[in-house]
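Beneath this line is the structure, given in structure tokens, with notes to follow.
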Amino acid sequence: MKLPPLRTLPVFEAVARLNSFSRAADELNISQSAVSHQIKALETYLGEALFLRNGRYLTLTDEGRSYQDSIGSALLQIERASEALLGEETARIRLAVFSSFAVRWVIPRLPALKRAHSQVDLALEMTGESPQLSDRVADCFITIHPESSAFTYDLLYRERLFPICSRQFWQRVCESLGLNSAAAEDGPDGEAMTLTPEQIAGFPLLSTHSIYGRESGDWQAWFQVADQGIPAHARVQHFSHMLMALEAARFHQGIALTNDYMLSQEDDEAAFVRLPCHTLITGDRFYFAHKTSRRNEPGIRLLRRWVMDQAIASGLRSASEG
């Protein structure tokens, strides 16, 4: 078995992850010159430059980035295997998840995770909706783009958007339209009554830019389901993020488009009303992802099963969905 100098590998991993020789030295409790010596020895063995040095700035070369992906994964597997044999009780797992899903769905469920699996030490890493799938970022991910063939993806949720408002604002809507609020609320899927797009457009619309990446894109798509455009008289308030639009709706400022996981907390039913009108299927699918080569690690297996169970229990997906 032909291996590189093994003592150089943890040093390389630390420098690549921290993007700094000095911070790697502090973490490893060795001198900066020792770090530099180990990196030089590894580059000499491989015959490749792993870092580009420009004054104080340090970046990985393409070869270094590829090597980091492989080495990082291998070192993590060695660590996990050693912990298992040593009988370590704590499974340290990093989950990369975008902000709205983290704040509205994952974080409220962390106490339940701790009660059910006290050995799991879960660290949340905030990312965009399309995080780079790499061991140097996290161990597991919530993503809407299942692009890497090196990863396994479990479907959590098929997104749909529907209009909501606060209960106080709902009373205003009903009074303005001459509706019985209780009767209207009984039928969110149209059993009792359905509000038309024209009626919805008569009230302030709270729009989230990030959903479609353009101004009023969410409401444009919602009206298109009914073969209409946003009426010229509609008043649209713009927000960059769905979390902001949801809070504006909570404080009675208008009607927002939101999805199921944004309304997954116990007090949401008391705070919001889902308006009786049509739903928009966005086409986005949310997945729990982890590197296939790490599928048998106990911590990852446990977190995957817990997340999938929670998705089913909260109604994001059915038990039969694939």
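Derivation of every value follows stated rules applied to the coordinates shown; laboratory data play no part. Because the structure is a prediction, the values reported are computed rather than measured. Note that we place each Cβ from the backbone using ideal geometry, even for glycine, and neighbour counts take in every protein chain shown.
Listing for the model above:
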item	result
Charge-dipole axis of region 1-91 as Lys and Arg at +1 and Asp and Glu at -1 on Cβ define it, positive-most pick from Leu52, Ser20, Leu75	Leu52
Glu125 versus Ala81: modelled label distance in nm, points set 7 Å from Cα along the beta carbon direction	2.2 nm
DSSP bridge pairs, region 159-282: antiparallel proportion in percent, nearest 5	55 percent
Glu63/Thr196 FRET efficiency (R0 41 Å; Cβ-Cβ; nearest 0.05)	0.10
Range of Cα positions in region 213-290 per principal axis (Å), largest first	41, 33, 25
Using θ = phi - 60° and Karplus 6.51 cos²θ - 1.76 cosθ + 1.60, couplings along region 52-69 (whole Hz; Gly, Pro as x)	9, 10, 10, x, 7, 8, 9, 9, 6, 6, 4, 5, x, 5, 5, 5, 4, 4
Relative frequency of Cα-Cα separations exceeding 21 Å in region 159-282, percent	31 percent
Spacing of the two label points (7 Å from each Cα toward its C-beta) at Ser31 and Thr279, in nm	6.6 nm
Under Karplus coefficients 6.51, -1.76 and 1.60, residue-wise ³J(HN,Hα) of region 20-30 in Hz, glycine/proline x	6, 5, 5, 5, 5, 4, 4, 5, 8, 6, 10
Most mobile listed residue (His117, His37, His209) in the chain, GNM with C-alpha springs under 10 Å	His37
Degrees separating the helix 167-177 axis from the principal Cα axis of the chain, which is the longest one	40 degrees
Cut-off under 5 Å, modelled amide H: who pairs with Leu60 long-range	Leu52
For q = 0.12, 0.14, 0.16 Å⁻¹, Debye-computed log10 I/I(0) when each Cα of region 8-84 counts as one equal scatterer	-0.32, -0.43, -0.56
Highest-MSF residue in the chain out of Pro197, Pro276, Pro231 [GNM, Cα springs under 10 Å]	Pro231
Partners for Lys2 among lysines (Cα-Cα distance below 19 Å; same-chain residues under 8 apart left out)	Lys40
Max mean-square fluctuation residue, GNM over the chain, Cα-Cα springs under 10 Å, options Asp284, Asp267, Asp309	Asp267
Using θ = phi - 60° and Karplus 6.51 cos²θ - 1.76 cosθ + 1.60, couplings along region 308-321 (whole Hz; Gly, Pro as x)	5, 4, 5, 4, 6, 5, 8, x, 5, 9, 8, 5, 8, 5
Ranked by how many other beta carbons lie within 10 Å on average, peptides 14-23, 136-145, 62-71 from highest	136-145, 14-23, 62-71
5 angstrom amide H check on Ile255, placed H, neighbours 5+ away	Leu205, Leu206
Modelled FRET efficiency - R0 51 Å, Ala319 with Tyr212, Cβ distances, 0.05 increments	0.95
Difference of contour (0.36 nm per residue) and Cα-Cα distance, Arg92 to Asn19	24.1 nm
Value of relative contact order over the chain, rounded to a whole percent, pairs C-alpha under 8 Å and six or more apart	21 percent
Euclidean distance between Cα centres, region 232-294 to region 99-121, Å	20 Å
Estimated [θ] at 222 nm from DSSP helical runs (n ≥ 4, -39500 (n - 2.57)) normalised by residues in the chain, nearest 500	-11500 deg cm²/dmol
Fraction of beta bridges assigned by DSSP in the chain that are antiparallel (%, nearest 5)	60 percent
Sites Ser118 and Leu6, calculated FRET efficiency, Cβ-Cβ separation with R0 41 Å, nearest 0.05	0.75
Per-q log10 I(q)/I(0), the chain, q = 0.07, 0.09, 0.10 Å⁻¹ (Debye; single scatterer per alpha-carbon; no solvent)	-0.40, -0.61, -0.71
